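Inspection log for the structure reproduced underneath, given as structure tokens.
The values are calculated or read from the model by the stated rules, or taken from the named source; none is laboratory data. Note that the structure is predicted; figures quoted are calculated from it, not measured. All Cβ positions, glycine included, derive from the backbone under ideal geometry; neighbour counts span all protein chains shown.
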Amino acid sequence: MDRRTFIKAGAVTAIAVGGTGCATNPTRTPPRALGEDVRALFPRLAAETYLNAAKGTPLSTFTESGLRRYEDFWRSGPGDGRGEAVQVTLDETRARFARLIGAATDEIAFVHCTKAGEQIVLDGVPGVREGGNVVTNDLHFSGSLHNLEGLRRTGVDVRVVRGDGRDVGLDAMKAAVDDRTALVCVTLVSNLNGRIEALPALAAHAHERGALVYADIIQAAGIVPIDVKALDVDFAACSTYKWLYGPHGTGFLYVRKDRQGRALEDRLFPGHVRHNYTPWVDAPDPDHGAFVYSPRIDGRRYEPGHVSYLGYCAVHAGLEFIARHGPASLLAHSVGLNQRLHARLDPERFPCWSPHVDRSPIITFRVRDPDAVRSRLRAAGVVVALRGHHLRVSPGPYNVAADIDRLAEGLE
């Protein structure tokens, strides 16, 4: 069976609300259980109005407790159950993330960041090196686009579909995919304006032509309900320092089970050999060569070796917080606050630059005088993202209506 027949045979039919694999139209009113009730868990909120979760969520008290678990092990050693507790925490972290995105535990690898996961995919898909093309768009993460531009300069056919700055049409994406496309790389929720990729439809189209699909889910995991099977993606990756409440240097890579070692070849070979010859052993095992080789046969085959155990102990606590509240509730809270801001701002002065205000945790507006806006918000103690003439707001579960009102007052 050739590569394209194999991919077509394994394609999953996408069944997703709103055609995105994400929840749509969450309630407009932020539930009281969030905001006021969890604000004390994020000490930074006592000092400033932080509305920039898309850059990174502030350190929480529950994340600190996860850090201390590993610090205790590091400080005092594995005795008194500390070693077992850390291993259980790492195993549970993998399983919790798998459940969060609708994957199996053996489909998850630990990687140090989103781009590291994407690079494993770019390196491991044979067609990328064998004359196939890579399709993306200009709302993909800018760091990934920089990486893909470097790949293009090595001779790979990289196709960047351009949109209007707010959106990229599905038809334009489909038109860029042909029978020589090896990989489609897109971002599920854009960090620029919260735009949501129509992944099930795009993935179905790509699979019909024998291409594989990778999704950057860093601005979705933990805040937008995700089902990777409904999204119909083959690979996905994210870091943890945004909506998963973890630190930098920790992330996850999802590789669909039937893609492991086949559609995504092994480029790393984690593990340890055992010497099978004297003087290392008294009686060499005749069923093995000089070295006993035990390769990984699940998602861990893509892990580079030792990972940040400290970081994953922290993420464990973040995933527990998410499971307690549920991504749908967390999203409804952020969307409700964004809609409050959207309704308050004058659309002539602050045109909205986000196409999916009703279902994305991120909202972006155009501003006329960014320097003046930056100065006013700094004086008001309000933290958002301001890049050029684009002001991005991304409230977290710790934000309340008063935070939005303070931002609006600083802009008006």
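If you check V134 against the conditions, is it in contact with a strand residue (DSSP E or B) (Cβ under 7 Å, 6 or more places away or on another chain), within 22 Å of A203 (Cα to Cα), at pLDDT 95 or above and not assigned by TED's automatic domain parsing to the domain that holds V384? For V134, the condition - in contact with a strand residue (DSSP E or B) (Cβ under 7 Å, 6 or more places away or on another chain), within 22 Å of A203 (Cα to Cα), at pLDDT 95 or above and not assigned by TED's automatic domain parsing to the domain that holds V384 - is met.
Pairs are defined by a Cβ separation below 6 Å, a sequence spacing of at least 6 or placement on different chains, a first member in the stretch 394-412 that is among the acidic types (D, E), and a second member that is surrounded by fewer than 24 Cβ atoms within 10 Å (Cβ to Cβ); the pairs so defined are D403/T49. For the stretch 360-375, the tally of residues that are surrounded by fewer than 15 Cβ atoms within 10 Å (Cβ to Cβ) and either among the small types (G, A, S) or under 19 Å from R406 (Cβ atoms) (or both) stands at 3. Just one of the listed residues (D80, D72, D91) is without any contact (Cβ under 8 Å) to a residue 40 or more places away in the chain and touching a helix residue (DSSP H, G or I) at 6+ places or on another chain (Cβ under 7 Å), and it is D72. Quick one: would you say W280 is aromatic (F, W, Y), assigned to a loop (DSSP other than H, G, I, E, B) and either in contact with an Asp or Glu (Cβ under 7 Å, 6 or more places away or on another chain) or at pLDDT 95 or above (or both)? Considered against the rule, which asks whether it is aromatic (F, W, Y), assigned to a loop (DSSP other than H, G, I, E, B) and either in contact with an Asp or Glu (Cβ under 7 Å, 6 or more places away or on another chain) or at pLDDT 95 or above (or both), W280 comes out as no. Of the helices (runs of 4 or more DSSP H) lying entirely inside the stretch 50-138, those carrying at least 3 residues that are touching a Phe, Trp or Tyr at 6+ places or on another chain (Cβ under 7 Å) and either surrounded by fewer than 22 Cβ atoms within 10 Å (Cβ to Cβ) or among the basic types (K, R) (or both) are 82-101. Filtering V213, V224 for residues that are without any contact (Cβ under 8 Å) to a residue 60 or more places away in the chain, in contact with a Phe, Trp or Tyr (Cβ under 9 Å, 6 or more places away or on another chain) and either buried (at least 24 other Cβ atoms within 10 Å of the Cβ) or at positive phi (or both) leaves a single hit, V213. Here D287 clears all of (1) under 20 Å from the mean Cα position of the chain (by Cα); (2) free of Cβ contacts under 8 Å to residues at least 60 places away in the same chain except the condition numbered (1).
Let's see how each residue does on (1) over 21 Å from Y241 (Cα atoms); (2) buried (at least 22 other Cβ atoms within 10 Å of the Cβ); (3) not assigned by TED's automatic domain parsing to the domain that holds G83:
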site: W280; (1), (2), (3): yes, no, no
site: H288; (1), (2), (3): yes, no, no
site: H306; (1), (2), (3): no, no, no
site: L310; (1), (2), (3): no, no, no
site: C313; (1), (2), (3): no, yes, no
site: G318; (1), (2), (3): no, yes, no
site: L330; (1), (2), (3): no, yes, yes
site: S334; (1), (2), (3): no, yes, yes
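Within the stretch 350-378, residues that are over 24 Å from I223 (Cβ atoms) have Cβ atoms under 9 Å from residues that are outside any loop (DSSP other than H, G, I, E, B) and among the aromatic types (F, W, Y) in these pairs: P351/F365, counting only partners at least 6 apart in sequence or on another chain. For the stretch 139-170, name all the residues that are of a type in the set (D, E) and assigned to a helix (DSSP H, G or I). Selection gives E149 alone. When residues in the stretch 33-49 are screened for being of a type outside the set (D, E, K, R), closer than 30 Å to R195 by Cβ and not in a helix (DSSP H, G or I), 5 of them pass.
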